[in-house]
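One structure is given here, and the rest of the page talks about it.
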DNA sequence: AGCACGATTAACT
DNA sequence: GTTAATCGTGCTC
């Protein structure tokens, strides 16, 4: 028997961003396309917190691009970067405070054939081990910007997964931030599950 | 209207 | 280790 889906509620996201980033590890990112589930366990996240965080897009204030981060928690913030990649974030904290968690990597678990058709040129371990790669595998683009991750109607949500103990979590500095001044370049706001067999 | 740059990836040497 | 690909965004003129 299949266990009923358990979609993370808005109250999960309406908390401190670092807490959400940590607890999203082990959760299941689910995309439904043509009635088929494509999913994977979240294994890497990063927190972006407020206008004072100079690594966060919200440092520019409320603009057409960042306005979603100022909205209610539990929505998807999807943006385009480097002229070719879509990035998926979950908006966190109270409405009016701009913050989000970047989903950086998942481990494929459902919809393997569909992911293979999109990412099959690479070995399976490389299908979804980067933020631009997982959006490619799950077919996520700008049309998902602002959708409600707490609703089944979005065809994109996150379910409770197995919890990850502290001993299996590595915490470090965020990656890919160029020309971002300290301390923002070094704050340990990156969370990843230690890979193991 | 023009410009520099970026929360990256894949294909090189 | 290095670098091209590629374009939306926000800032300056």
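The values are calculated or read from the model by the stated rules, or taken from the named source; none is laboratory data. All figures in this text were calculated on a predicted structure; none of them were measured in a lab. Methodologically, a virtual Cβ is constructed for each residue, glycine included, from the backbone with ideal geometry; neighbour enumeration extends over all protein chains shown.
Tabulated data
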read-out	value
Options A:74, A:146: the member that is under 13 Å from the mean Cα position of the chain (by Cα) and closer than 23 Å to residue A:13 by Cβ	A:74
Selected residue (only one of A:125, A:76 is more than 10 Å from DNA strand B (Cβ to nearest atom), under 19 Å from residue A:45 (Cβ atoms) and loosely packed, with under 14 Cβ neighbours inside 10 Å)	A:125
The one condition in (1) under 21 Å from residue A:138 (Cα atoms); (2) more than 13 Å from DNA strand B (Cβ to nearest atom); (3) surrounded by fewer than 23 Cβ atoms within 10 Å (Cβ to Cβ); (4) under 13 Å from the mean Cα position of the chain (by Cα) that residue A:23 fails to fulfil	(1)
Residue satisfying condition, being in a strand (DSSP E or B), over 12 Å from the mean Cα position of the chain (by Cα) and either surrounded by fewer than 19 Cβ atoms within 10 Å (Cβ to Cβ) or at negative phi (or both), within set A:42, A:38, A:68	A:38
Subset of the range A:82-98 [over 20 Å from residue A:43 (Cα atoms) and either under 15 Å from the mean Cα position of the chain (by Cα) or away from DNA strand C (no atom under 15 Å from the Cβ) (or both)]	A:93, A:94, A:95, A:96, A:97
Number of positions in the range A:109-122 that are surrounded by fewer than 22 Cβ atoms within 10 Å (Cβ to Cβ) and at pLDDT 95 or above	9
Residues being more than 15 Å from the chain's Cα centre (by Cα) and either crowded, with 24+ Cβ neighbours inside 10 Å or in contact (Cβ under 8 Å) with a residue 60 or more places away in the chain (or both) - total across the range A:45-57	3
Any hit, the range A:169-191, residues being closer than 16 Å to residue A:21 by Cα and out of contact with any strand residue (DSSP E or B) (no Cβ under 8 Å at 6 or more places or on another chain)	yes
Residue pairs meeting the criteria (Cβ under 9 Å; at least 6 apart or on separate chains; first on the phi > 0 side of the Ramachandran plot, in the range A:148-169; second outside any strand (DSSP E or B))	A:155/A:144; A:155/A:147
Residue in the range A:87-101 that is surrounded by fewer than 19 Cβ atoms within 10 Å (Cβ to Cβ), on the phi < 0 side of the Ramachandran plot, modelled with pLDDT of 95 or more and touching a strand residue (DSSP E or B) at 6+ places or on another chain (Cβ under 7 Å) present	no
Tally of residues being in a loop (DSSP other than H, G, I, E, B) and either near DNA strand B (Cβ under 9 Å from one of its atoms) or touching a residue at least 12 places away in the same chain (Cβ under 8 Å) (or both) across the range A:81-122	13
Matching residues, the range A:45-66, being closer than 17 Å to residue A:17 by Cα and more than 10 Å from DNA strand B (Cβ to nearest atom)	A:50, A:51, A:52
Residues (within 15 Å of DNA strand C (Cβ to nearest atom) and surrounded by fewer than 15 Cβ atoms within 10 Å (Cβ to Cβ)) located in the range A:133-152	A:141, A:142, A:143
